[in-house]
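Have a look at the structure below, then the notes.
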Amino acid sequence: KRHTGVGLLGEPGSLAWTQLNAANPAAAAPFYGGLFGWTHRVDPMPWGGMYVTFLAGRDARGGGLPMPPGVNAPAHWLPYFATDDVDATAAKASSLGGRPHLPPTDIPGTGRIAVLADPQGAAFAIVKFSV
């Protein structure tokens, strides 16, 4: 019970963000509130829909995004790893046997992301935040 959590966060090559992808992530907020003591806020996204941010005090601990229509996947937490160059990292992942689920994409007010799979099919995302 002495695990302190992530020692390095948001630096290139380290964990930068975690995101709950589910049909209704706000419905999970009471569960995570009870489990970790988190609160949450819900904000509109620029392209429509709502984004949930899970908070410990004023510190963001992760987010929640409604699963896009037609995605055939169970609800899951998606880790985002920081990078200095999303395009170069995505290209390197492909050269090493990874494959893209979402190619490098700009997210207004957030930064640039890509969602990838490793050669075994495990999904993860990479991000360079603009804020």
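The values are calculated or read from the model by the stated rules, or taken from the named source; none is laboratory data. As the structure is a prediction and not an experimental result, all values here were calculated from the model. Cβ: placed from backbone, ideal geometry, glycine included. Neighbour counts: every protein chain shown. Accessible surface is based on the protein model in full, side chains and every heavy atom, while ligands, DNA and RNA are left aside. Shrake-Rupley method; radii C 1.70, N 1.55, O 1.52, S 1.80 Å.
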> Tell me, what ³J(HN,Hα) does each residue in segment 46-54 have, in order and in whole Hz, if you take phi through Karplus 6.51 cos²θ - 1.76 cosθ + 1.60 with θ = phi - 60° and put x for Gly and Pro?
Replying inline: x, 9, x, x, 10, 10, 9, 10, 8
>> Please compute, for the alpha-carbon atoms of the chain, the extent along each of the three principal axes and give them in descending order in Å.
In response: 43, 39, 30
>> Keeping all protein chains in the complex and leaving out DNA, RNA and ligands, what accessible area do you get for Val42 with a 1.4 Å probe, in Å² to the nearest 10?
In response: 70
> Which one of Pro69, Pro119, Pro79 has the biggest mean-square fluctuation once the chain is modelled by GNM with Cα springs under 10 Å?
Replying inline: Pro69
> In terms of modelled amide H atoms, which long-range or inter-chain residues lie less than 5 Å from the amide H of Gly111?
Replying inline: Ser130
> Amide H neighbours of Gly10 under 5 Å, counting only residues 5+ apart in sequence or on other chains, H built in-plane at 1.01 Å?
Replying inline: Leu15, Ala16, Ala82
>> Explain nothing, just the number: relative contact order of the chain, from Cα pairs under 8 Å at least 6 residues apart, as a whole percent.
In response: 22
>> If each residue of separation counts as 0.36 nm, what is the full-extension length gain between Ala60 and Arg2 once their alpha-carbon separation is subtracted?
In response: 18.7 nm
> Measuring from centroid to centroid over Cα atoms, what is the spacing of segment 70-131 and segment 1-43 in Å?
Replying inline: 18
> Counting each DSSP H run of 4 or more residues in the chain as -39500 (n - 2.57), what helix-only mean residue ellipticity at 222 nm follows after dividing by all residues, to the nearest 500 deg cm²/dmol?
Replying inline: -4000 deg cm²/dmol
> Beyond 18 Å, what percent of the Cα pairs of segment 56-124 remain?
Replying inline: 46
> What does the charge count near Pro12 come to, summing +1 for each Lys or Arg and -1 for each Asp or Glu among other residues with Cβ under 15 Å from its Cβ?
Replying inline: -1
> Using a 1.4 angstrom probe with every protein chain in place, what is the largest-first accessible-area order of Ile113, Ile107?
Replying inline: Ile107, Ile113
>> What is the percent carbon and sulfur in the accessible area of segment 1-105, measuring with a 1.4 Å probe over the protein chains and ignoring ligands?
In response: 59
> What ranking of Trp47, Trp77 comes out by heavy-atom accessible area, probe 1.4 Å, highest first?
Replying inline: Trp47, Trp77
> Residue by residue through segment 97-114, which ³J(HN,Hα) values in whole Hz follow from phi under the Karplus form 6.51 cos²θ - 1.76 cosθ + 1.60 (θ = phi - 60°), with glycine and proline marked x?
Replying inline: x, x, 9, x, 9, 9, x, x, 9, 7, 10, x, x, 10, x, 10, 9, 8
> Given a 1.4 Å probe, how much area per residue of the chain is accessible, in Å²?
Replying inline: 63
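Please give me the summed charge of the neighbours of Pro104: other residues whose Cβ is under 14 Å from its Cβ, Lys and Arg +1, Asp and Glu -1.
0
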